[in-house]
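Read the structure below first, then the notes.
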Amino acid sequence: MPVYNCTSFDYSVIMSKVTIIKPRNSSIELPLYSTKVPAGFPSPAEDYLGDTIDLNNYLIHNHESAFFAKVEGDSMIDAGIYPGDLVVIDRSVSAKDGHIVIAAIDNEFTIKRLSTKDGIRLIPENKNYKEIVLNGETELIIWGVVTGLVRKF
Amino acid sequence: MIALCDVNNFYVSCERVFNPALHNRPVIVLSNNDGCAVARSNEAKRLGIKMGQPLFEIKNLVKKHAVIVLSSNYALYGDMSQRVDSIISCYSDQIENYSIDESFIRFYGFEHLDLTEHCQILRKQILQWLGLPVCVGIAPSKTLAKVANHYAKKYKGYNGVLKLDEESRIQKALHQLPVNEVWGVGRQLTQQLNMIGIFTALQLRDSDLKTMRKRFSVVLEKTIMELRGISCIDFDAEPKNKQQIICSRSFGEHITEIGLLKQAIAYHTARACVTLREQKSLARNITIVIRTSFYKDPQQKYGKSISIQLPYPTDDTSQFLQAAMLGLERIFKKGYNYKKAGIVLNDISDSRFVQTDIFTPNSNTNHQVMSIMDQINNRFGKGTLINAQQGFGKQWQMKSEIKSPAYTTSIDEVIRVFN
């Protein structure tokens, strides 16, 4: 089992200041500059060097319950979810009416909007697809609630 | 009170989270190199597949019942294990992560809580957040917590959590438990105990302490005390440094050439040295082991090991590599099909308190090289920088032909969702 530690570089060996944290809280933080000022006035920005932007923290509330999935279909395009998108799933959130969820039906994962009014239904956000009404025969597992989306251009 | 929390059929359960097709079907996960069954779903257990049974022995069973066979996926199990540990650590400040799927939890100062309820919440959280089923046994000692866990798993009515602390319930539980199921009682000891008329855990608990210590060992005495509800096995909240580092694996295919064996030995040596440096230790002794397959006829069977003592304790990969290559040349014999190779680092000491003498070479330069190498491999991924002895081919690598994706640790392998 790989164990990833918080490792900091030996500054005497490598001049740039780099901190690496891998992989669950994975972030590579690159401060704007190193504070080597041999003489003269200190940089006026020095006091403002603070945190760096960490998208993991922005997207994920609980690292333990966060999972990612790749979208392969176009049944949710009216909700702004396109094929190839990476969605963030938070399993700590209990699914409620109106949530976008990942569900397992017939041994496959699907992404739909959950409706609990008039029985349990999975509603696509694309007119070309029909909603899935749960009758007693099909087994449905709500796998997790979609709480975010990542797309690169 | 001490609780033992473990994940039911851990490897199979991890696989099922990300692959709904595995539910309600017999599933087994194979050991490294796809040799033996190391995890079984309840359905597979019911078919009579035993723990550790080699795949070739159950080929027919697998075919007949369409058992799903998977290679082990340690990237997945390791990540899920860390998530489980992380959730458990919210329930007590004293956790001992005993193995990849088991943790002891000490509840000290939790008397105001109903522990059964507390652990039910834990169980529900792990099930919802990770999709993994766990069972929890709660008792005054580790050994009894194991017993409680056994029953929590066995009887559905407990809903996965059982507290054993009243004498009448403990008595009943131990009476029904064969002595070989007690933690720390192995096969040989069971036979010896059976010979003197001890068949159940209760009989063991109520045996005479002094006689048992004389006849067997202090270890068994401890076990008896633990069964009496007196905690005497240490609680290790801090993982201890390893006193011995072992790295070995079977090959995917048989190897006959020394060149490939050298690569494998070099690979394992480098891995062991990384672990050594991570725990800030030095070692002074390296043992090299090579062997052919167990299942071959005696004439083709060969196995040998050699142990090499270095002049000074070190954590320098290149020094161990040099010794390992020399050792391998010494024990290698032509004409055999080798199936497994490995190394062991021994005589391990703390690098902060090492005794040197006037002749000790200053190893500072190499130390810096090793440290930079570790940093680069941490940052850019394992194997970015390797010692050339490891070679660049993969001929000797393990078989893992039916491995599931690294769903949780590689962005290219996450689950797919469809229309």
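The values are calculated or read from the model by the stated rules, or taken from the named source; none is laboratory data. These numbers were taken from a predicted model, which means no experiment stands behind them. Don't worry about glycine lacking a Cβ; one is built from the backbone with ideal geometry, like all the others, and counts go over all protein chains shown. For accessibility, only protein heavy atoms count, side chains too; no ligands or nucleic acids. Shrake-Rupley method; radii C 1.70, N 1.55, O 1.52, S 1.80 Å.
In the range B:170-179, the count of residues that are open to solvent by 90 Å² or more (accessible area, probe 1.4 Å) and over 30 Å from B:P133 (Cα atoms) is zero.
Looking only at residues in the range B:12-38 that are open to solvent by 10 Å² or more (accessible area, probe 1.4 Å) and within 28 Å of B:S293 (Cβ to Cβ), which one is nearest to the other protein chains (Cβ to nearest Cβ)? Looking at residues that are open to solvent by 10 Å² or more (accessible area, probe 1.4 Å) and within 28 Å of B:S293 (Cβ to Cβ), I get B:N32. Which of (1) at negative phi; (2) at pLDDT 95 or above does B:N9 not meet, given it meets every other one? Unmet condition: (1). Just one residue in the set B:C119, B:C135 is part of a helix (DSSP H, G or I), more than 14 Å from chain A (Cβ to nearest Cβ) and not aliphatic (A, V, I, L, M); that residue is B:C119.
Pairing residues of the range A:95-109 that are away from chain B (no Cβ under 11 Å) with residues that are among the polar types (S, T, N, Q), at Cβ distances under 8 Å and at least 6 apart in sequence or on separate chains, gives A:K96/A:T116; A:D97/A:S115; A:D97/A:T116; A:G98/A:S115. Taken as a whole, the condition of being within 10 Å of chain B (Cβ to nearest Cβ) and either basic (K, R) or touching a residue at least 12 places away in the same chain (Cβ under 8 Å) (or both) applies to A:A69.
Per the conditions (1) charged (D, E, K, R); (2) within 27 Å of the chain's Cα centre (by Cα); (3) open to solvent by 20 Å² or more (accessible area, probe 1.4 Å), the sole criterion not satisfied by B:K334 is (2).
Scanning the range B:357-379 for residues that are within 14 Å of chain A (Cβ to nearest Cβ), surrounded by fewer than 16 Cβ atoms within 10 Å (Cβ to Cβ), more than 27 Å from the chain's Cα centre (by Cα) and modelled with pLDDT of 70 or more turns up B:H367, B:Q368, B:V369, B:S371, B:I372, B:I376. Considered as a group, the residues in the range B:307-331 that are in a helix (DSSP H, G or I) and among the hydroxyl-bearing types (S, T, Y) include one that is most open to solvent (accessible area, probe 1.4 Å), and that residue is B:S318.
Return yes when A:V88 is more than 9 Å from chain B (Cβ to nearest Cβ), in contact with a helix residue (DSSP H, G or I) (Cβ under 8 Å, 6 or more places away or on another chain) and not hydroxyl-bearing (S, T, Y) and no when it is not. Show your work before the answer.
Values: more than 9 Å from chain B (Cβ to nearest Cβ): yes; in contact with a helix residue (DSSP H, G or I) (Cβ under 8 Å, 6 or more places away or on another chain): yes; not hydroxyl-bearing (S, T, Y): yes.
Judged against the criteria, A:V88 is a match.
What are the pairs with Cβ atoms under 8 angstrom where one residue, in the range B:212-223, is within 16 Å of B:N194 (Cα to Cα) and the other, located anywhere, is open to solvent by 90 Å² or more (accessible area, probe 1.4 Å)? Sequence gap at least six, or different chains. Listed by first residue and then by second, the contacts come to B:L220/B:R213. Residues in the range B:46-105 that are assigned to a helix (DSSP H, G or I) and touching an Asp or Glu at 6+ places or on another chain (Cβ under 6 Å): B:R83, B:S86, B:I87.
Looking across the range B:80-133, the residues that are of a type in the set (S, T, N, Q), within 17 Å of B:D236 (Cα to Cα) and open to solvent by 50 Å² or more (accessible area, probe 1.4 Å) come down to B:S89, B:N97. Among the residues of the range B:317-354, the one identified as modelled with pLDDT of 90 or more and of a type in the set (D, E) is B:E329.
Considering the range A:136-153, the residues that are open to solvent by 90 Å² or more (accessible area, probe 1.4 Å) and within 17 Å of A:D106 (Cα to Cα) include one that is nearest to the other protein chains (Cβ to nearest Cβ), namely A:E139.
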